[in-house]
Amino acid sequence: MTSSENWISLARLADVAEGTAVAVETMGLQLAVYHLEGGEVCVTDNVCTHAFALLTDGWFENGMIECPLHAGQFDVRTGQGQGAPIEEDLRTFKTRIVDGDIQIEL
Ligand code: FES
């Protein structure tokens, strides 16, 4: 059983519409919360690994986020970069929903 003190709440699931990504800042982290079509929720760092841009200012579709600055793409489930100019994958977080709260494990 996982200790609850390792999980923090980021947002209410009801406040993140399906098919959208929202920015959340907490505990010094800049995070992107994604509500995929079909209901799955994922969380990654929100700062692109290529240069400084917030991914939630980009385009989110079909589980992929496209950076607004140079159009690099990441798979939001795995954080995997999808080719140039991305050379480093995005950090992802273990995510769960508890009583309508989106939580990540730190
Ligand atoms: S800053 Fe994101 S692709 Fe360049």
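When only Cα pairs below 8 angstrom with a gap of at least 6 residues are kept, the chain shows a relative contact order of 26 percent. Footprinting exposure proxy ranking of TRP7, TRP59, fewest other C-beta atoms within 10 angstrom first, gives TRP59, TRP7.
Rounded to the nearest 20, the size of the Cβ-charge dipole of the range 4-105 about its Cα centre is 80 debye, with Lys and Arg at +1 and Asp and Glu at -1. A quarter of the convex hull surface defined by the alpha-carbon atoms of the range 4-105 gives 6.0 nm² as the mean projection.
Please give the per residue volume of the convex hull enclosing the alpha carbon atoms of the range 59-99, rounded to a whole number of Å³.
Values: hull volume 3.4 nm³, N = 41.
Roughly 84 Å³ of hull volume per residue.
With the simple spin-label model, which puts each label point 7 Å out from Cα in the Cβ direction, the ASP99 to ALA71 separation comes to 4.6 nm.
Since every read-out is calculated from the coordinates, none of them should be taken as a lab result. Predicted model only: the values in this text are computed from it and were never measured. Positions of Cβ are backbone-derived with ideal geometry, glycine not excepted, and every protein chain shown enters the neighbour counts.
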